[in-house]
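K.L.:
Shown below is the structure under consideration.
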Amino acid sequence: MNSTKLPRLMAEKVATFNPPPEIPNLVEGEQRFTSIVSQFFLIPMLIAITAVGIFVGVKMMTAEEKDPILLVNEIRLQHGSARWQVAYDLNSRLVRDPEARSNPKLVPEIMRAFSEIQPSGDQDDMRTRTYLVTILGTLRNPSAMAVVRPAMHDKDGATQVAAIQAAGSIGEVAVIPELIEFANHEDNGLRKAGVFALGLFSPKRRAAEGRPTLEDSVRAGALAAIYGAFRSPVDDVRWNAALALARWGEIESANTLRTMLDRAYLEKTVKPEDASIASGMVDEVMVNAMKGVLELNDVSFRPLLETLRTSDRSMEVRQAAGTALEALGKS
């Protein structure tokens with residue numbers, strides 16, 4: 001990985017950015033599990049969640065629900081850590097409350113707030129910019145690409161990764177060539193971001209949303225980039241690519257998904273210094289692999305899922321396996 005870049009999506013021992021938690025960028029109709037992991041496959045995002053997750057959770061449970069526009073104004077007026085905390089709350093509000101996304105002034109105001117916070121060495125401001133571009137991905141308004149597209153080349157690594165993810169969520173076909181470049185990037189973090197974003201252009205998803213089918217040449221280019229990452233010797237690049245392929249309904253991803261459900265193998269592969277964090281990472285890999293299984297709708301996974309449902313030591317994994325089995329048609 002290019003050492004001159006800030007950590008992106010997943011580094012060996014640090015999260016994408018630290019200390020704030022990674023923001024879920026949910027796409028309606030695609031959630032299989034109610035995990036903060038959502039679709040964005042990150043390791044070790046657990047490190048970031050641990051840093052301030054408890055604080056944010058308590059704050060969200062006790063805070064009065066504010067109008068989203070008021071929250072954007074508050075972001076513009078705040079400074080320091082208070083600013084990114086409000087931005088986090090805003091995204092969380094928009095994720096869980098679709099009606100809150102309906103105000104036509106919301107996207108222009110968020111774009112304005114993002115533009116007012118110039119790139120600098122201030123970490124709180126950088127975190128705020130990262131959350132704001134993530135929110136634009138959550139809202140999925142094509143007009144936001146005026147901010148998101150330049151941010152895909154931001155000097156701040158976390159903001160850049162969030163923008164690449166947001167571009168995939170928004171789903172404008174014109175950005176696919178840039179995403180293909182990221183999916184082929186020498187920096188593994190950017191490569192994972194590009195692969196994830198290309199996964200969101202899957203034919204199944206576009207059909208469900210009533211979007212036009214990709215032209216054959218565009219479709220072929222996107223799939224070729226994902227398959228290129230799928231052949232990577234880097235585990236987490238290959239795993240991200242497998243999930244993207246599963247979104248596209250590519251059965252070739254099945255064997256890698258099985259590997260991602262092999263706890264013994266994963267525990268030999270994921271080795272941060274903190275054993276408790278390593279355990280959490282393994283759980284997240286397995287839960288995300290199950291999402292890939294559901295994208296494939298591959299009933300051949302039922303025996304393995306049943307074993308995980310009854311025998312895995314992680315409650316999260318057991319619950320996810322049960323949910324997956326139910327979705328595959330087994331009570």
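The values are calculated or read from the model by the stated rules, or taken from the named source; none is laboratory data. Computed from a prediction, not measured in an experiment: that's the story for all the values here. Cβ coordinates were reconstructed from backbone atoms using ideal geometry, including for glycine residues, and neighbour counts include every protein chain displayed. For the accessible areas, the whole protein counts, side chains as well, though only heavy atoms, and no ligand, DNA or RNA atoms are used. Shrake-Rupley method; radii C 1.70, N 1.55, O 1.52, S 1.80 Å.
K.L.:
Of the conditions (1) touching a Pro at 6+ places or on another chain (Cβ under 7 Å); (2) over 22 Å from Arg140 (Cβ atoms), Leu223 satisfies every one except a single condition; which number is it?
P.N.:
Of the numbered conditions (1) touching a Pro at 6+ places or on another chain (Cβ under 7 Å); (2) over 22 Å from Arg140 (Cβ atoms), the odd one out for Leu223 is (1).
K.L.:
As an exercise: evaluate Leu190 against (1) in a helix (DSSP H, G or I); (2) open to solvent by 10 Å² or more (accessible area, probe 1.4 Å) and give the number of the one condition it does not meet.
P.N.:
(2)
K.L.:
Exactly one condition in (1) farther than 28 Å from Arg206 by Cα; (2) in contact (Cβ under 8 Å) with a residue 24 or more places away in the chain; (3) in a loop (DSSP other than H, G, I, E, B) is not met by Gly249; state its number.
P.N.:
Of (1) farther than 28 Å from Arg206 by Cα; (2) in contact (Cβ under 8 Å) with a residue 24 or more places away in the chain; (3) in a loop (DSSP other than H, G, I, E, B), only one is false for Gly249: (1).
K.L.:
Can you pull out the residues in region 273-290 that are more than 15 Å from Met315 (Cα to Cα), open to solvent by 10 Å² or more (accessible area, probe 1.4 Å) and touching a Leu at 6+ places or on another chain (Cβ under 7 Å)?
P.N.:
Within region 273-290, Ile277 is the sole residue that qualifies.
K.L.:
Next up: With a cut-off of at least 3 residues that are more than 19 Å from Val147 (Cα to Cα), name the helices (runs of 4 or more DSSP H) lying wholly within region 68-132.
P.N.:
68-77, 81-96
K.L.:
What are the residues in region 72-81 that are touching an Asp or Glu at 6+ places or on another chain (Cβ under 9 Å) and either at pLDDT below 90 or open to solvent by less than 20 Å² (accessible area, probe 1.4 Å) (or both), if any?
P.N.:
Val72, His79, Gly80, Ser81
K.L.:
Within region 96-108, does at least one residue satisfy the condition of being of a type in the set (S, T, N, Q), at pLDDT below 85 and surrounded by fewer than 18 Cβ atoms within 10 Å (Cβ to Cβ)?
P.N.:
Within region 96-108, not a single residue is of a type in the set (S, T, N, Q), at pLDDT below 85 and surrounded by fewer than 18 Cβ atoms within 10 Å (Cβ to Cβ).
K.L.:
Sort through Arg247, Arg258 and tell me the only one that's open to solvent by 50 Å² or more (accessible area, probe 1.4 Å) and either closer than 29 Å to Leu179 by Cβ or in contact with a Cys (Cβ under 8 Å, 6 or more places away or on another chain) (or both).
P.N.:
Arg258
K.L.:
Kindly list the number of the only condition in (1) modelled with pLDDT under 95; (2) closer than 19 Å to Leu245 by Cα; (3) assigned to a loop (DSSP other than H, G, I, E, B) that fails for Ser232.
P.N.:
Unmet condition: (1).
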